[in-house]
Amino acid sequence: MINNDKRKYLILTYGCQMNVHESEKLAGILEDNGYEPCTDAVSADIVVFNTCAIRESAEQKIFGNIGELKNIKLAKPDMIIAIGGCMSQQQKYADEIMKRYPFVDIIFGTHNLADFDKFLKSRINSGKKVVNITEDETIALRDKLHICRTSGVNAWVNIMYGCNNFCTYCIVPYVRGREVSRPEEDILLEVKGLISEGYKQITLLGQNVNSYKGLDEHGNEVTFAKLLLDIDELAGDFRIRFMTSHPKDLSDEVIDVISKSKHICHGIHLPVQSGSDKILASMNRKYTKEQYLNLINKIKDKIPDAEFTTDIIVGFPGETEEDFNETIDVIKKVEYMQIFGFLYSKRKGTVAEKMKDQIDTKTKKERLSKLLAVKNEIVNRMCQNMLGKTYSVLVESYNENGVLYGSLDSGKTITFKGSKNCVGEFVDVKVVQVRKSVLYGEIVDDERIKDFKEKSFKNPLEVSILPKDQKSMKLLRENKNKKKLQNDFKSKN
């Protein structure tokens, strides 16, 4: 039973998996302070924006949503509004937020997330705004936070923070800082705990996991390959994923560990970004098309059932039709199971922002459309080849119609009928139908299923700024008008 007297919080998360996990840490801080989650800002006593700065569209959406809170704040003056994450880590954006949205109460950055508890208490006790952006932090403080995990059967585990690569299009090194790796012992303890709690999928996170260089309990350096090996040797029924990998740092040792592992997925996310050597050099990616394809072939030789996903930027400054066709050639040679394609977006403060030969939006959209058409043809064909085959599937969710949704080792989703008790378990599923790239299956007879128990993994809430019910909206309008009349009366007197 929910206690309706409890204070409510709403977290709006934008951007990457790192932000999703950091929102789980913010939720932990808020729940430790007696708050419980809600689904809209009208119901909330505190609204936290965990922002992203990777693309211009994300920034525009965030600014628009902050603006939406003006009227709600007028109706609920005691509501606290906090802005954190990559966008607010940049001082120019922090200053812009304070200028455009003076009703914001707390602004903090990526480096002082662990101090959010202190900022919240300061705002409540003093009533004064808190603006605190720092370039320094103690990573250990962030990793000791209570985590309110809300990613279903998947648990995120940070292994490192920051990035040293300085790709010319990317703002991440400027808002996340230089690479810092967590001690291996801390990571292993966290993973062991998650396995004991029943998590079946653990995803290791870092801006570039391949460059992990931690220390073991004796002070010896631990590479990413050694970390993977040590996690793989842990007891339990689970799978390990990791993201994101930089091609220049994916070592032979890592490939060998994956090929011999019991738990590490053979679905590998390996961002190529472009297939043109000219554009790759302009991006400062530090590899060529040939080197990337050689790496893919090396992985395929060692791991024959490996499947790949990737990120591609379309319309980078100076990209010609010939350059774009080189990217299409890579797609055809690798045959990705999924491509996350993005239109190049200028980021203030990056080298690429000032590059000549910026590509117009129309051309970028046309190229992305062509790319996705090629991708779809390949994925549809690959999915057709899966028909009739049986796969180990991690069941991730269930709906009231008795439909289960699960993921294969590659990360590909499949839909099938089954019991709610299967959520959080591995089951064998045969692909019985393929509609374009959508897989439908049926559970292969499995005696274990009758012994499965219903589990209580938390899934993310569907959240929004405004509530969907009209009663709440009516109350908001009445409160807003009342406050406006009171303010007008005060100003006249």
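The values are calculated or read from the model by the stated rules, or taken from the named source; none is laboratory data. These numbers were taken from a predicted model, which means no experiment stands behind them. Using ideal geometry, Cβ is built from the backbone for each residue, glycine included, and neighbour counts are taken over all protein chains shown.
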First in the stretch 424-438 and basic (Lys, Arg), second anywhere and part of a strand (DSSP E or B) and surrounded by 18 or more Cβ atoms within 10 Å (Cβ to Cβ), Cβ under 7 Å, 6 or more apart:
Lys430/Gly441
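Got a number for residues in the stretch 303-327 being more than 14 Å from Thr363 (Cα to Cα), more than 26 Å from the chain's Cα centre (by Cα) and either small (Gly, Ala, Ser) or not in a loop (DSSP other than H, G, I, E, B) (or both)? Show your work before the answer.
To start, the set of residues in the stretch 303-327 that are more than 14 Å from Thr363 (Cα to Cα) comprises 303-312, 326-327.
Subset that is more than 26 Å from the chain's Cα centre (by Cα): 303-304, 326.
Keeping just the survivors that are either small (Gly, Ala, Ser) or not in a loop (DSSP other than H, G, I, E, B) (or both) gives 326.
So the answer is 1.
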Go through the stretch 8-45 and report how many residues are aromatic (Phe, Trp, Tyr) and at pLDDT 95 or above.
2
Restricted to the stretch 262-290 and to residues being more than 25 Å from the chain's Cα centre (by Cα) and among the polar types (S, T, N, Q), the residue farthest from Pro173 (Cα to Cα) is Ser276
Please verify whether the stretch 279-301 includes one or more residues that are under 24 Å from Gly424 (Cβ atoms) and not in a loop (DSSP other than H, G, I, E, B).
no
Could you give every pair whose Cβ atoms fall below 8 Å, whose first residue belongs to the stretch 186-197 and is at pLDDT below 95, and whose second residue is surrounded by fewer than 18 Cβ atoms within 10 Å (Cβ to Cβ) and of a type outside the set (Gly, Ala, Ser), counting only separations of at least 6 or pairs across chains?
none
Which ones in the stretch 226-272 are over 26 Å from Gly15 (Cβ atoms) and among the small types (Gly, Ala, Ser)?
Ala235, Gly236, Ser251, Ser259, Ser261
Does Ile124 satisfy the condition of being assigned to a helix (DSSP H, G or I), β-branched (Val, Ile, Thr) and in the same structural domain as Ile80 (by TED's automatic domain parsing)?
yes
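Could you please let me know if Lys458 is assigned to a strand (DSSP E or B), surrounded by fewer than 20 Cβ atoms within 10 Å (Cβ to Cβ) and not assigned by TED's automatic domain parsing to the domain that holds Phe324? First the steps, then the outcome.
Values: assigned to a strand (DSSP E or B): no; surrounded by fewer than 20 Cβ atoms within 10 Å (Cβ to Cβ): yes; not assigned by TED's automatic domain parsing to the domain that holds Phe324: yes.
Taking the combined requirement at face value, the residue does not satisfy it.
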Residue identified as at pLDDT below 90 and either polar (S, T, N, Q) or crowded, with 16+ Cβ neighbours inside 10 Å (or both) among Arg123, Arg142
Arg142
Can you tell me how many residues within the stretch 22-64 are among the polar types (S, T, N, Q) and assigned to a helix (DSSP H, G or I)?
3
When you look at Ala225, is it over 18 Å from Trp156 (Cα atoms), among the small types (Gly, Ala, Ser) and under 24 Å from the mean Cα position of the chain (by Cα), yes or no?
yes
Mind checking which pairs have a first residue in the stretch 42-69 that is under 18 Å from Arg123 (Cβ atoms) and of a type in the set (D, E, K, R) and a second that is at pLDDT 90 or above and surrounded by fewer than 22 Cβ atoms within 10 Å (Cβ to Cβ), Cβ under 8 Å, 6 or more apart or different chains?
Asp45/Arg7; Asp45/Lys8; Asp45/Tyr35; Asp45/Asp78; Asp45/Met79; Asp45/Ile80
In the stretch 346-356, how many are under 14 Å from Glu319 (Cβ atoms) and either of a type in the set (S, T, N, Q) or outside any loop (DSSP other than H, G, I, E, B) (or both)?
1
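Among the aliphatic types (A, V, I, L, M), in the same structural domain as Leu30 (by TED's automatic domain parsing) and outside any helix (DSSP H, G or I): is that true of Ile97 in this structure?
no
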Test: residue in the stretch 97-107 that is under 19 Å from Asp136 (Cα atoms) and not small (Gly, Ala, Ser):
yes
